[in-house]
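Written out below as structure tokens is the structure these notes cover.
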Amino acid sequence: MPHFTDPTSGQVVKGAVHGALLTLLAMCVVYNTCAWGKRRQRHSAWNVVLYVGMAAYEVYQVWHHTQQITGAPHQIAGDPVLSEVAPCY
């Protein structure tokens, strides 16, 4: 029986958790952007930078789990899959 922490099991739940965190981070980005625009406090600007970075990581995680669910190869557009690379002569 596969364990939940195995790389191939529970992908829907794992993706949903990362999606929920991405939603929360997006709300934090919007709030801190508005706060920085109104009050021009330096920590709000740093919060925006931090939350955008974390949101980018969560986008990758959601993409990763979606690829696991659909069975698509793990590649970003334009990057060849190593098994399909022609040998160098």
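The values are calculated or read from the model by the stated rules, or taken from the named source; none is laboratory data. Because the structure is a prediction, the values reported are computed rather than measured. Every residue, glycine among them, receives a Cβ derived from its backbone with ideal geometry; neighbour counts consider all protein chains shown.
Results, tabulated for the structure shown:
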read-out: Region 11-58 - residue that is of a type in the set (Ser, Thr, Tyr) and closer than 30 Å to Gly71 by Cβ and, of those, nearest to the chain's Cα centre (by Cα); value: Tyr57
read-out: Selection from region 46-63 of residues that are among the hydrophobic types (A, V, I, L, M, F, W, C) and in contact (Cβ under 8 Å) with a residue 12 or more places away in the chain; value: Val48, Val52, Met54, Ala55, Val59, Val62
read-out: Hey, Gly71 among the small types (Gly, Ala, Ser), at pLDDT below 80 and at positive phi or not; value: yes
read-out: Residue check, Ser44 at pLDDT below 80, at negative phi and assigned to a helix (DSSP H, G or I); value: no
